[in-house]
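**Q** The structure that follows is given in the form of structure tokens.
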Amino acid sequence: MRLRLASPFCLVAVTMICQGCDQSTAIVPDATPAVAVTTTQAAATTPDSAASVEPTTPAASVKAAAPASSASEPVLLGTPELTAGIPGEGPLTTAQIQAWLDDPKNHEILQIELPLGLNAGIDQVKGLEANPLTRAKIELGRQLYFDTRLAKDTAIACAGCHDPEQGYAAHTQFGVGIEKLTGNRNSPTAYNRILSDVQFWDGRAGTLEEQAKGPIANPIEMGNTHDACVTYLGAIPGYKLQFAKIFREEGLTIDTVAKAIASFERAIVTGPSPYDYNEQLRLFAEQDLESLKEDDPDTYALYEKALADAEAHPMDDSAKRGRELFFGQKANCTACHVGPNLADEKYHNLGVGMAVEKPDLGRFEVTKVETDKGAFKTPTIRNVEQTAPYMHDGSQQTLEEVVEWYNKGGHPNPYLDKDVRKLDLTDQEKQDLVAFMKACTGPLPKVETERLPQ
Ligand code: HEC
Ligand code: HEC
């Protein structure tokens, strides 16, 4: 099996994800690196010898612009200190904010690494060149994300529909905004957004920054105006101080509000799941371990580490069979759920919601291309067990229900994707697919939800 690689830097991790999948089509979505990529570890790989790679070492890291002011040590996204809030107890004081802003370390541009699993997508990282990450910006974004004062009548925060306790989504069919108003789409997750540029089920926002401005002024979400939001925030001393220092030139505008929120979202990534730990072990499946132990003790040590990790984060037999189905010919989920975030960043029609007279036409509303009718952006499978209900219209309650949908070949309509077809899965196979999806759940970073400027 040969893989088409998006970049030589992600060789290690891509090999990890696709080793063993009997799919010649398994690829990482095309990605133009938006930022300069540096390797922290020479990706010393000979394509035919999986064991010469270093599976436990993050393959690469990303360095944003202005290296002069960059921190030298890369920071692993998902590390709780990035989202722990400004140090201190009780209500956040102006003195604490000032001390935080006075520390130059908080303004250094961060060079980042991604957790195991996602690290295969390091060259797919989006947006850091235009909006470099710093600790201070992530923290400001955290405050704004949890602050209901961005909404009209201070009614709801981003977290109201993208709640850390609900997998950064919401367990309601549709997003419920101010005055209990709802639209017709389910709240998607706000994690792993660092790997995507286009946002929304139909991809109508080109960047995470553009996306973040939307809900504030959306009449059925936060119901505010951008001007009113900025004026309100400007009257809160703690925010005023932070915007002046973090965005020296631009100051407090709706665009800098969006930049800060997007920075916080980029820091929210899923940590390694049992699936990721078990993929590492697969790298050694074909190895003669006895001779490896003698000839290459360093690589053998990596094998032992991978084994210990996989044993500490086990996948049961059902989940293992589910993995083969997911990436194999029969279920072929990976025709669309592919790459480090198990999402191809493309749009497909599964027939969801197409049975009604006037269906939501999804991507078509953006492109006006006939074949895009009823197509929606492929969501991630990572941590998907935490984000029910499912699909763009929240119409499916459980992962079992989703698998049934695929098994019957979706809902027939003229625009149905060619990769959606009857699967003839046995009951056991259906359970196996669900077990596999549950094994794709990794830890989310601990996040401070209070400590907002008064
Ligand atoms: C009233 C509920 C609600 C609120 C409040 C809300 N959102 Fe959303 N969000 C949604 C819904 C529903 C969608 C999907 C809409 C669509 O695709 O048309 C969405 C989409 C998104 C997406 C796109 C994810 C993807 O995979 O494409 C991101 C990111 C996001 N919201 C972040 C935010 C941020 C940041 C805020 C605060 C400024 C916010 N949301 C406020 C309900 C909400
Ligand atoms: C043709 C591409 C394609 C294939 C093949 C595919 N999916 Fe999907 N998947 C999507 C798209 C697109 C959506 C969202 C559709 C919508 O909301 O209308 C989705 C949604 C999902 C969801 C809901 C996620 C959420 O957050 O709402 C799950 C779970 C899922 N798929 C699992 C699977 C499994 C398991 C398989 C294999 C049996 C599979 N998918 C095959 C494209 C695909």
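The values are calculated or read from the model by the stated rules, or taken from the named source; none is laboratory data. Note that the structure is a prediction, hence the values are computed from the model and not measured. Neighbour counts are summed over all protein chains in view; Cβ atoms, including those assigned to glycine, are modelled from backbone coordinates with ideal geometry.
**Q** Would you confirm, using the coordinates I've provided, whether Phe326 is of a type in the set (Phe, Trp, Tyr) and in the same structural domain as Gln396 (by TED's automatic domain parsing)?
**A** So Phe326 fits the description; yes.
**Q** Right, another one. Looking at Glu139, is it more than 7 Å from ligand 1 (Cβ to nearest atom), part of a helix (DSSP H, G or I) and on the phi > 0 side of the Ramachandran plot?
**A** No, not satisfied.
**Q** Then there is this: Given the residues Ala159, Ala190, which is the only one that is within 30 Å of His348 (Cα to Cα) and part of a loop (DSSP other than H, G, I, E, B)?
**A** Details: Ala159 fails: part of a loop (DSSP other than H, G, I, E, B).
None of the others qualify; the one that does is Ala190.
**Q** Which members of segment 439-453 meet the condition of being surrounded by 19 or more Cβ atoms within 10 Å (Cβ to Cβ) and either among the polar types (S, T, N, Q) or in a helix (DSSP H, G or I) (or both)?
**A** Passing the criteria: only Thr441.
**Q** If you go through segment 159-185, how many residues are near ligand 1 (Cβ under 6 Å from one of its atoms) and touching a residue at least 60 places away in the same chain (Cβ under 8 Å)?
**A** 2
**Q** A further question on this structure: Name the residue that is nearest to ligand 1 (Cβ to nearest atom), counting only residues in segment 319-349 that are crowded, with 22+ Cβ neighbours inside 10 Å and in a loop (DSSP other than H, G, I, E, B).
**A** Ranking the qualifying residues of segment 319-349, first place goes to Asn341.
**Q** Take Thr256 and decide whether it is modelled with pLDDT of 95 or more, among the β-branched types (Val, Ile, Thr) and part of a helix (DSSP H, G or I).
**A** yes
**Q** Collect the residues in segment 103-133 that are part of a loop (DSSP other than H, G, I, E, B) and either under 18 Å from Thr207 (Cβ atoms) or not assigned by TED's automatic domain parsing to the domain that holds Glu265 (or both), keeping them in residue-number order.
**A** Val125, Lys126, Gly127, Leu128, Glu129, Ala130, Asn131, Pro132, Leu133
**Q** Suppose we filter segment 80-92 for residues that are assigned to a loop (DSSP other than H, G, I, E, B) and touching a residue at least 40 places away in the same chain (Cβ under 8 Å); how many remain? I'd like the intermediate steps shown before the answer.
**A** Start the filter on segment 80-92 by keeping residues that are assigned to a loop (DSSP other than H, G, I, E, B), which leaves 84-91.
Okay, now just the ones that are also touching a residue at least 40 places away in the same chain (Cβ under 8 Å), so 84-86, 88, 91.
Number of matching residues: 5.
**Q** In addition: Residues of segment 272-299 being in a helix (DSSP H, G or I) and either surrounded by fewer than 19 Cβ atoms within 10 Å (Cβ to Cβ) or of a type in the set (A, V, I, L, M, F, W, C) (or both), which ones?
**A** Matches in segment 272-299: Leu281, Leu289, Glu290, Ser291, Leu292, Lys293, Glu294, Asp295, Pro297, Asp298.
**Q** Let me ask something else about it. So, Leu101, is that one of a type outside the set (Lys, Arg) and surrounded by 22 or more Cβ atoms within 10 Å (Cβ to Cβ) or not?
**A** In short, no.
**Q** Give segment 356-395 a look and list any residue that's free of Cβ contacts under 8 Å to residues at least 24 places away in the same chain and not in a helix (DSSP H, G or I), or say none.
**A** Listed by number, the residues that qualify are Val356, Glu357, Lys358, Pro359, Leu361, Lys368, Val369.
**Q** Does Glu448 meet the test of being away from ligand 2 (no atom under 12 Å from the Cβ), within 20 Å of the chain's Cα centre (by Cα) and charged (D, E, K, R)? Break it down stepwise before answering.
**A** Numbers: away from ligand 2 (no atom under 12 Å from the Cβ): yes; within 20 Å of the chain's Cα centre (by Cα): yes; charged (D, E, K, R): yes.
Against the criterion (away from ligand 2 (no atom under 12 Å from the Cβ), within 20 Å of the chain's Cα centre (by Cα) and charged (D, E, K, R)), Glu448 qualifies.
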